[in-house]
Structures are given as structure tokens and as C-alpha cells.
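Here it is, the structure in full.
What follows draws every value from the coordinates through simple rules; no lab data is involved. Quantities reported herein were computed from a predicted structural model and do not represent experimental measurements. Heads up, the Cβs are rebuilt from the backbone with ideal geometry, glycines too, and the neighbour counts pull from every protein chain shown.
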4 protein chains.
Amino acid sequence: MLKIGVIGCGYWGPNLIRNFINLKDAQVKTASDLSENRLKHMNRLYPSLAVTVDYKDIINDPEIDAVVIATPVSTHYELAVEAIKAGKHVFCEKPLTSKVDEGIKLVSLADKAGKTLMVGHTFVYTAAVNKVRDLIKSGELGDVYYISTSRVNLGLFQDDINVVWDLAPHDVSIMNYILESRPVSVSAVGYSYIQPKIQDVAFVTLRYPGSILANLQVSWLNPNKIRATTVVGSRKMLVYDDISSLEKIRIYDKGVDVIPHYDTFGEFQLSYRYGDISIPKLDDAEPLKIECQHFLDCINGKTPRSGGKHGLEVLLALDAIDRSMAANGAEIKIEYPESLA
Amino acid sequence: MLKIGVIGCGYWGPNLIRNFINLKDAQVKTASDLSENRLKHMNRLYPSLAVTVDYKDIINDPEIDAVVIATPVSTHYELAVEAIKAGKHVFCEKPLTSKVDEGIKLVSLADKAGKTLMVGHTFVYTAAVNKVRDLIKSGELGDVYYISTSRVNLGLFQDDINVVWDLAPHDVSIMNYILESRPVSVSAVGYSYIQPKIQDVAFVTLRYPGSILANLQVSWLNPNKIRATTVVGSRKMLVYDDISSLEKIRIYDKGVDVIPHYDTFGEFQLSYRYGDISIPKLDDAEPLKIECQHFLDCINGKTPRSGGKHGLEVLLALDAIDRSMAANGAEIKIEYPESLA
Amino acid sequence: MLKIGVIGCGYWGPNLIRNFINLKDAQVKTASDLSENRLKHMNRLYPSLAVTVDYKDIINDPEIDAVVIATPVSTHYELAVEAIKAGKHVFCEKPLTSKVDEGIKLVSLADKAGKTLMVGHTFVYTAAVNKVRDLIKSGELGDVYYISTSRVNLGLFQDDINVVWDLAPHDVSIMNYILESRPVSVSAVGYSYIQPKIQDVAFVTLRYPGSILANLQVSWLNPNKIRATTVVGSRKMLVYDDISSLEKIRIYDKGVDVIPHYDTFGEFQLSYRYGDISIPKLDDAEPLKIECQHFLDCINGKTPRSGGKHGLEVLLALDAIDRSMAANGAEIKIEYPESLA
Amino acid sequence: MLKIGVIGCGYWGPNLIRNFINLKDAQVKTASDLSENRLKHMNRLYPSLAVTVDYKDIINDPEIDAVVIATPVSTHYELAVEAIKAGKHVFCEKPLTSKVDEGIKLVSLADKAGKTLMVGHTFVYTAAVNKVRDLIKSGELGDVYYISTSRVNLGLFQDDINVVWDLAPHDVSIMNYILESRPVSVSAVGYSYIQPKIQDVAFVTLRYPGSILANLQVSWLNPNKIRATTVVGSRKMLVYDDISSLEKIRIYDKGVDVIPHYDTFGEFQLSYRYGDISIPKLDDAEPLKIECQHFLDCINGKTPRSGGKHGLEVLLALDAIDRSMAANGAEIKIEYPESLA
């Protein structure tokens, strides 16, 4: 039975604890947080869980095999480095680190140490994203022309990272995964409406090989939560709406593209659709459960679907987006280090 | 009773004919089209309508007071010039002309001739767009931060203009109208998937005074027709969905922006919304009827809501979008001629 | 070219006039209405149309081949009898007559006279209703278990007929048509909230052969317009939403009917759906155009899809619903006359 | 700290255990189930929970203050009687018992023993149902005319109770609660499509004082899960859709009820809506948590919102529905025993 320590019991940590506890092959031994209150709360929920305000109790515990890091992004690098150096496997929340060079060093360190480094890009473990990937790989959509995605909601304003680093990791991770590719350049426009210098809205266009465009809209200012991704292909298109509980994916058949002459407003109103729509049934499993199980499987030899390299490729795109925003939308090429070749 | 001649009975012309015929103060005397078939069809519908393959029969008819131009955009300039020189008022479908300098000359010509020049930017005559404008002007939304709009559908690919010139005139016209402003610069990325050199998809960000961003997505490749505009303000936001027949405008109250800690996936699922939503009742009138009546009113002295200057401002934005796409998204400033100062 | 006279230019008559005028093989010669105002309006729209306040000008015109009756239901019987006796074919708006015995006599009269008698049950000419019928006939739904339908909206309260006679003719017509059957008995509860003795809400259950139940809800008191029909079969079910312009029919695949044990509220939330959904593309044609053309075809020998007998079967069901409402929901058998055997 | 024993760890029991465990003032000491497997599962989730296959271990445990019964309905009566006789407070899942006379005896027993008897009618603890009740009580809807509700989904076919006893307890409980009233008679039609003599579909009309009708549709045969309640009042109406996570309640303002003449199909399409719609923000709290806390509060002196009498009134309605179905829809009066006067 693998023993796990969790650092950070704030926003996301409790979900990770709950899921790892429910897995058969793992035991969550210790959780740490700087807040005594959060620790008390965790203890009420899980009386058998050890809690501590000092994360070093986890790092230094020889019984603990793997460390889960669910702390603010600026702390990821140091915590992960310490854990790997202490011989632990690491599951780190996304984004992997707050700086590209830290990401490169961390991936390299894990590689050399032979330890599993996995990043919490949860979406690649959802039934919906895997269905989208399958539809692309199987050719059902034809050639992918472009992808357009909105990830907007009201706040949870952060003071250390902008909206791109908060929300776009999901989209870049999803798109790299479903396209089995990575962007070559980016043009992006953003603006800081609420806090100086921290963009809360951004409009981003990534260019993938094969002339595939991926347009991202991310915002902390939109009271109406949207998580919608449209994939337009030469044969069909799909809309993946992650907010919908019942109809996450809609596939639109492409129909005749001729709009006839019409003589009344009424006939015009009727001419909006072009083909059948289908809404496939998806599995109901909680993706976080699958992700947590996958981490255990990777410790036992599997290759992580969202390993350090995947996380690092996401970082490189985020960094390029920042630079294009600084240049008012001018195109920025993304250079991948040799280790990602 | 004003007498009207209509040039062009293809896609949109019949709607203009039907609406002008139904107005009390106007009579449609003559319609022209290059296709005998279209003319026969118009004659079946309106037996009292004179038809001709030669548009000069309209231009040269001294009984005709006003000319409606519903032909391909490349012909707008010459037809409008001829009509104004013949002493007619002109209603011209959008976009006003296919080139900026033609637009400037045409507006100037109409000015000097003292003739009404109106452009068929129909959306500024809809109840929905006027409701959006009112909500902004009244301060109900607070300060406008940004606008995001999608105008996408399957084809009607054109071989003389790209998707920006086909669809974005609506959006630029709407945004200039609701913001009572005009953009200062633009960054845009587009691509030509189907026909060489004619973009069929574009992602555009316009910058308006006061740090307002307007993001446009236009596409001919999307089988799911969308016409959605989101306006995010400091107090509220709204979504204007022109496809919805019953609920075109939804206004979202901004609520508390703190997302609490949660310990189960279920509680997380429940935390999506932030305030009340309201869906105002809108008038049902056909906008084209209002627009056509407005043209008559303008001939009788009113100032057109979508006059030549409005149409020209739209042209200038379209032209700048083209240039930014050619520069891979680099920012292009929009220079307005003195006549629009 | 068939010549047509239309009696009644109120609510629905103008739609019939417009459609018959647009057909190639017919000419609308004369329209009558008791209101001079309505006649003036019709004349503005169709200058070549003769108008009269005296419907006898239509009945007595030997040039007129067919009479279209779009007057209040209480006048249908006498007008139709006069028209048939004058040798005309008759298209009569629904319901056929306001009394069962009048319906029986009228159908018999038309039969003997060898004239086409067609009732304006427009829904059987829609692409959606025919798609539903096809899905049932082809066996795609399996055995039909039950049908449930809501036809509710805000008033247009009538003072001569109740909500059952106003709205349920559509549903009974649709259900008899899609099931190719007719009900054997009915249980119904209704209530008169606004006008004494005229029910404005009714809940109706019709029993069809083969243990098929059809539940109808009709109301004049519901500000939210609904026209939804659910057909539940042993293999699949469908929902036909006539308000939706884009997605009128949704077909639900039946899936596994076992709900698993679950331990968190979140997993529970995820377990709502059971199979794929498909939304077939339907034709956009205006059903009234098809219906009007069908009337012409029937005059030329075809058997009407919604002929007098169909209309009479609907009447018999409406009459039985009235009697069950009077008996507080007690079951009332429907007796069909021999002429409908 | 109150000590609780839970009998039954099948479908719903685990949710009750999870919620009681998370409350500050209670401790779940023991859980029983006939299945060793279920007990093992519960033990994995809650290592400190005692488990047993013999429910008498709970009944006979003097430390346990209250018993939660989440077993099949046919066992409720005997288990509840034993628990009360052993001096425990009882929380029993709905419906209270499977027979009316058992319900009467049980309520009387709890009364005499001075013990809290609460029934798990969870919906009266939801934010949505309480919002509906408030809107009715405050007069915002005007006089309630009628209520129409659909509670349909695919199976979980039961072999001891029919669909009315499975699903309608929710609706009757909700309607009695929001109307602060109880039905006087019922007309109902049902049918058994799958299992002989166990209705899987029913259409029910309850009559409440003041001429309020409540129409219920319950079904195990509908693959599309629906939980929708419409309340039509003289001033406004509302739709409460329990499936929607974001927009559970929509309030429709009543508008002008005149539909104008129209001459084209298009104008007709536009005339569907009649007033503003508003969608109030609701609390996100898990209702089961509130219900469980309420049970503790009732043990400490509060009057249960869904106590034995509420549960018994529901039983009496269910019993009357059964009898009306047996009589093909004939009206059945509901007699309330003196203890409920």
C-alpha cells in the first residue's frame, strides 16, 4: 500500500485527499497546511489522517512514498524539488511552476532521479476530453480546421498570477492532448481591468502545425461561467460544453451549404440548421478519481498522460502568451528545449 | 407617395421589396436583376411591380425618388454614384463599398448633393440591439470592460470578399452603435481553409477608447449557427443571443466573487452561479420594416441611424482588420479621415 | 387554374390567402369578411384580390371552384353545407364543426356530393410530425407505451369554445395520425378559472388500442408557451418540441436502467443520462404551403390526409373529453358511427 | 453529542451516513445492512463506524439516541415501531409506511412516546422548494390556479411498490408544503407496461381547496429524466426545474394576452413571449445536510417540517391515487383521520 502526503489543504487539496483515500492501493498518511483551521477541518472529515503545519514532516517521513502538492503555484518548484530529492514521487497541481526555467530544471531532475512527476491537468482524464480526442483521431471530424474555446467566470482573482496562468493551462493542456501536438506560435491581447499589471481578460490565438488555429478566451470578469470548446473539422464539428451535466458533447453533421432564395422573413428564420446533431453518452466517473489512480499506476511503471513534459509544454505556451500580450498581439514563436524534442 | 426602385433581387432584395411595399408612404415601382428567372419570380409575387434586366431603367426614371441597392458589394460604389448623380436618395446594402477610398468619396458626394445615403446595417434597428445600447447608456451594466461576439455559420462562401467583410460589418456596426464610439486599433488573426487568399475564419480584437476591448469571432466553417454577443461591465453583464427567438437578452447580476472551500465534488458542482438573471421582454417588430420606414423618414429630414458615415466607419475597421491579419496579428491603428472627425 | 374564395380574414385567413396565392395552380379570386377594415388591409397586401362583406358573393360565384372557411367554429357547418351544395370543394379550418352530429352530416354530404372536404389540421403536414410517424412506423421506437403532450400558452380566450376545443384538436389529430389509430375512451379533468363554464385548463388521458395512453395538457393560463410531445416506446423515446426552431425532435436511446450505489452527492449528480441523443435534420418548408398544395391535389383526385373523416374522429374525441370533464374524470367510451368504421 | 444508528446502507443510506457524520452535534455510531459487502464498503469509507448485519444491535444499544431507517418501504413500520418502543427518535425514509393504517398507528405511537418521528421528504429542505413556497405566500404569483408536475425517468423498477409510491411522495409532499394545504380528492389513470399489476406510469390530478388543481405525471419508462413543476397563478407563473443546476426557478411575468393579426409566417414566429423572465439566485447548500441538521434540532425541541403527520398526509394521497387508478380515473375523496384534523 502506497503512502501519500498532501501539502496544501486549501481550495483543491481536500478533493485530492478524498480521492486518494477512496483508492484501494493508497493511504493518505499526512496532510499539511499553514492554517490550523483547515487542518482541524480535515481532521473532522478524516479522523485517521495525521495533520501538520510543517510540510517538512511529510518530506522527511521515510514511510511516505509520494507527495501531492496543492499549494500556490509560486511554491511548486521548491516543494517539488525537495520532495524528489527526498526520494518521493510527486503529483503537482497545475501549472507545474511559475517560471519556464524552473519547469525545465524540475522535469530534468525527476528524469534523472527516476521518479514519477505528474501534473494535475485533470481534464485529460475526463470522459469528454477523451471522447473529443477519439473523434479527432478516428477521422470522424475530418481535418481539424480550428478550435475555439471560452473559459470564463467570475473571479477568484489571484494576486500572483494572471488569468492566463490561472485558466489557460486547462485549455492548452486539452488542446495539446486532443491534437497530439503543440503550438508553434501565438498572438494574444489581454487587459488588466481590476488589478494593475495582472491581466483578468485575454484573447489568445495559438497556431498549431498543419494550419490549425486555436482561439482561447479566458476571463475572470464574466459572471456567467462558460467552459465551451468548439472543434471545427472538414467533415463535422463538435461543441464540448463542460458546464452541461447531461449533454457535454454535441456533434454536428455538416449539411448542404447553400442558402436558398427566400421571400418572407419566416422562411428565413427556419433555415438555421444544416444536419443531424448527435449527443453521445459519456461515462459518469469522477475524473479526479481516474487521475489519482493513474498517478498510482505511473508510480508502478506507466507513463503519465500529464507528466512533467506535458506540464512543461503548457508552461512554454503560457509564457509565450504573456510575451505576445506585452507586444499588443504581435506573433511570438514558441521555442521548445531539446529535452522536449 | 415616394417611389422606389430596387436594384438586385437575389438574396436580400426580395425582403427589401416586401417591406417597402408594405409601408404606407412608399411604392416600389421597379425592380431590376440580371436574372430573368428572379424577375419572373418577383412578378408572380407582386403583379403590379415593373421589372427590368437593365438597372438604368431605374436610374433614369424621373418618377423614382429613391434607389435601393442590393447587389454584390463590388458594384455598390458605381451604382450609388450613378443614382445620387441622377438625383436619387440611396439605400445601400452593407458593406457600403468594397474599398475605403470609394466609401470616402461616396459619403462626400451624397453630402454635397444633399441626398440621403443610408446603409443596410439592419441590426441597429432591432429591439435587442437597442435594448443593449439602453442598458449601457443608462449605466445599468456599469463601466463596460469588454465585449465578446461570435458570428459563425456554415458558408455561403463568397468569392469576392472574405468572411470579415461578409459577417463583421454587423458586429462593428453594432459595437460602434451600442458604445457610441469607434475603434482606435485592431489585432486580428485569420486563415483561408477553403479558398486561397479568402479568409473563412478570423479572430479579431478591436480596441475602443476607455480600454474597452471588443473580441470578434467570424467564421464560414461552423455548421452550428451562432450570433452571440457578451457585454461585460463592472456591475452586470449581458448575453445577447440573436438566434434565440424567446430569450434574446439575458442580464446577469454580479454576485459574491468568493468561491468557498468545499470537500466534495457535489458541492463544487453546485457553486456555478452568482446572481439573479433577468430576461427582458422585447418588441416583436420585424427590424427590416423599421429600417425601411426609417429610410423614408430620413428622406423627409431625419438623420439616418446608419447613414453613410456610420457605414464608412465600419469600412475603416474592416480594412484595418485585413491589414492586421496580413501582419499575423500585429496591432494596426485606424486613422479616421477629417470628414468623420 | 383553380379559383378559390376565402371566407374569413381574421386570425388565420390571411395566412391561407398568402399561401394559396403563392401556389402555381391556384388563384385566390375573392375574400370575404364582416369587417371592412380587414378587407381594406387584405386589399393593400393583394391589390388584385376581390373583397366583399357578403360571403354569398363567393358561394354564388360560378367561377369559384373551392371555398376556404376560416371563420369562428360555430359557423363552419352552415357555411360548409352551403358551399358543398353550391358545388364547391371545401377546405375548413379546425375543428370541423362545433357539434358531433353536424360533423357527421357534413362528412356524409361531402361524400355523396363527391366533393373534397378537407380540415385544416396543419400539423399533419409538418416535417416534424411526419418524422415522428415514420419513427413509430419503422419500429425504431419499439412498441409505443404512452404519449404525453403539453399545449399551453397565455390565452386568446374564446367565448364560444373551451380550451379543449381550441387546442386539443391539434393533439388528437397528431396522435390519431402518428398512431394510425383512434382513442377508445377518455378520462379528463378540467376547470374554468376565468370565464364561467368555459374550461381554460384541462388534463386529459386518452386510451388507444394496444394499451397506449395519451396524456394531454391544454391551458390558456400559461404565459410560457409550450408545445411538447413525448413518445415513450419500448426501445427508444422521443421528444418533439414544436417551439424549438432548430431542434424540434430529440431521440433518446434507452440505456442501462441500473442506478449504482453512490456515496457522494457529486457522483449522484452525474448519473442523469442513459444513452445517446440524436437530433435529426428536418425540412424547413412552411407546413401551410404543403397543406394548401395538398388541398389542390385532393381536388385533383388524391385522398386528403386530414379529410372530413379525420376531422370527425377528432370531434368525437373532443366531445368525449367534455363529457368526462363533466363527470369529474370518470372514463367515457368513444362510439364511432358506422360511417367511420 | 447525539449518537445515531443507521439501518440500511443500500441506495440512500450512505448519503444519510455521510451527512450525519459531517454534522458537529452528531456521531454515527453503528450502521447495519443485510449485505456484508455493503458493510465492508461503508467501513472502508468510515473506518471508525461500527457495522453489523443485525439491526437489533442498533435498536438494543442504549447509547444510541436516534435511529435512521433507509430500508425498503415494507419494513419501515416494524423497524420504526421497534425503535420508538426502545426509546429512540426515528428518521424514516419516505414513504413513511406502505399502508395507511400502519402510518396512522406509527404517528400515534410516536406522539404518545414523545419521540421525534421525521420522514425523509428531502425536497421541503431545498432552497428551490422554499423559494416557490415564499413566492406563493408573498402573493407574488397571485392566486394559484393550478400546478403541473413531471417526475419521470428510466426505471429502478421496484417489485414491491408502484411508480406512484416511488416518485409521487416527492410531489405530494412538495405540493402540500408549498400550498400549506392538502388534497380533497383525486382522479388518476395509470398503467403497468413492464411488470403485471405494478403501474410504471401514472397521470394524476389532485384537487386542493380553493379550486386548485395539481396534475402529476410520474413514470419509470422515460429515459429523459425530468423533474419539472409549473405553478400558474393569476399574476405570474413559475417553472421549477430540479434538473437544472444553474437555473432551477424561472418566474414569468404575465404580459398582454392579445395576439395581433399577422400576415406572414415570420411575424407569427416572433410572437411567442409575453413578459419578462427572472431567474433568482438560490443557495447552494446540500438539502440532505439541512434535513439531517433539522432532525437533530427536532430532537432538541423543534417541530419537524416533514414530521409523521406530513408523511401520513402524503400516504393518504398515495392510497387515494391507487384507488382512482383502479377505478379508471373516477374521482376518489380523501378522508383524513381525526388525528390530522
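Give the long-range amide H neighbours of B:G233: residues separated by 5 or more places, or on another chain, with amide H under 5 Å away, using H modelled in the peptide plane at 1.01 Å from N.
Those qualifying (amide H under 5 Å, at least 5 residues apart or on another chain) are B:Y145, B:L238.
Also, quick follow-up: Would you mind giving the mean number of other chain beta-carbons within 10 Å of the Cβ of each residue in D:193-205, as a whole number?
4
At a Förster distance of 51 Å, what's the computed FRET efficiency of C:A86 paired with B:D283, Cβ-Cβ distance as r, to 0.05?
Result of the calculation: an efficiency of 0.70.
Taking the mean number of other Cβ atoms within 10 Å as a proxy for protection, how do you rank C:329-336, C:37-44, A:76-83, D:176-183 from highest to lowest?
Answer by packing, highest mean first, reads A:76-83, D:176-183, C:329-336, C:37-44.
While we're on this one: Quick one: label points 7 angstrom along Cα→Cβ at B:D283, distances to the other copies in nm, smallest first?
3.7, 4.4, 5.5
Please give the calculated 222 nm ellipticity per residue for chain B, where each DSSP H segment of at least 4 residues contributes -39500 (n - 2.57) and the sum is spread over every residue; nearest 500 deg cm²/dmol?
About -10000 deg cm²/dmol.
Using amide H atoms built in the peptide plane, which far-off residues or other-chain residues are under 5 Å from D:L216 H to H?
Those qualifying (amide H under 5 Å, at least 5 residues apart or on another chain) are D:T149, D:V204, D:T205, D:L206.
About the Cα centre of chain D, what is the dipole size in debye to 20, counting +1 per Lys and Arg Cβ and -1 per Asp and Glu Cβ, all else neutral?
Using Cβ point charges on Lys, Arg, Asp and Glu, chain D gives about 440 debye.
Shielding by partners for D:328-334, please: the mean number of other protein chain Cβ atoms within 10 Å of each residue's Cβ.
5
Can you compute the radius of gyration and Dmax for the stretch C:38-115, using only the Cα atoms, both in Å?
13.5, 40
In percent, what relative contact order does chain B have, based on Cα pairs under 8 Å that are 6 or more apart in sequence?
18 percent
Mind listing the phi-derived Karplus ³J(HN,Hα) values for the stretch D:125-131, rounded to whole Hz, using 6.51, -1.76 and 1.60 with θ = phi - 60°, and x for any glycine or proline?
9, 8, 4, 5, 5, 5, 5
GNM on chain C, C-alpha springs below 10 Å: top fluctuator among C:L34, C:L96, C:L238?
C:L34
Compute the acute angle (0 to 90°) between the alpha-carbon long axis of helix D:36-45 and the principal axis of greatest extent of the alpha-carbon atoms of chain D; round to the nearest 10°.
Taking Cα atoms only, the helix is inclined about 80 degrees.
Further, regarding this structure: For the pair A:D25/D:D57, report the inter-label distance in nm, with labels modelled 7 Å from Cα in the Cβ direction.
Once both label points are built, they end up 3.2 nm from each other.
Taking the convex hull of the Cα atoms, report for the stretch C:181-230 its projected area averaged over all directions, in nm².
4.3 nm²
Less than 19 Å apart at the alpha-carbon level, and either on another chain or at least 8 residues along: which lysines does that give for B:K105?
Reachable lysines: B:K85, B:K88, B:K94, B:K115, B:K309.
Please determine, in degrees from 0 to 90 and to the nearest 10, the orientation of helix D:76-85 with respect to the longest principal axis defined by the Cα atoms of chain D, where the helix direction is its Cα long axis.
With both axes taken from Cα atoms, the answer is about 50 degrees.
A further question on this structure: Could you pull the copy-to-copy label distances for B:M1, with points set 7 Å along Cα to Cβ, in nm to one decimal and sorted shortest first?
Distances to the matching label points in the other copies: 2.3, 9.2, 9.4 nm.
If a/c stays under 1.5 just call it rounded; otherwise compare a/b with b/c (prolate if a/b is bigger, oblate if not). Do that for the stretch D:164-253, with a ≥ b ≥ c from the square roots of the Cα gyration tensor eigenvalues.
Oblate shape, in that a/c is at least 1.5 and b/c is the bigger or equal ratio.
Something else now. For the stretch A:1-89, what log10 I(q)/I(0) values come out of the Debye formula at q = 0.13, 0.14, 0.18 1/Å, with one point per alpha carbon and no solvent?
-0.35, -0.41, -0.70
Oh, and also: Any chance you could list P(r) for the protein assembly as shown, counting all Cα-Cα pairs in 10 angstrom bins from zero, rounded to whole %?
Answer for the protein assembly as shown: a P(r) of 1, 8, 14, 18, 19, 17, 12, 7, 3, 1, 0 percent.
A further question follows. Using only the alpha-carbon atoms, what does chain D span along each of its principal axes? Please give whole angstrom values in decreasing order.
78, 43, 39
On to the next question. If I take the rotation axis that carries chain A onto chain C, which residue of chain A has the nearest beta-carbon, and at how many angstrom?
Value returned for chain A: A:S278, 2.
If only Cα atoms are counted, what is the Rg of the stretch C:134-192, and what is its Dmax, in Å?
Computed over the Cα atoms of the stretch C:134-192, radius of gyration and Dmax are 14.3, 43 Å.
Right, something else. For A:V184, which sequence-distant residues (separation of 5 or more, or a different chain) have an amide H within less than 5 Å of its own amide H, given hydrogens modelled in the peptide plane?
A:R207, A:Y208
Determine ³J(HN,Hα), in whole Hz, for all residues of the stretch C:47-52 in sequence, where each value follows from phi through the Karplus function 6.51 cos²θ - 1.76 cosθ + 1.60 and θ = phi - 60°; x replaces Gly and Pro.
x, 7, 7, 7, 10, 7
Separate question: Report ³J(HN,Hα) in whole Hz for each residue of the stretch C:187-201, in order, from the Karplus equation J = 6.51 cos²θ - 1.76 cosθ + 1.60 where θ = phi - 60°; Gly and Pro get x.
The phi angles translate into 10, 8, 10, x, 8, 10, 8, 9, 10, x, 6, 10, 4, 10, 9 Hz.
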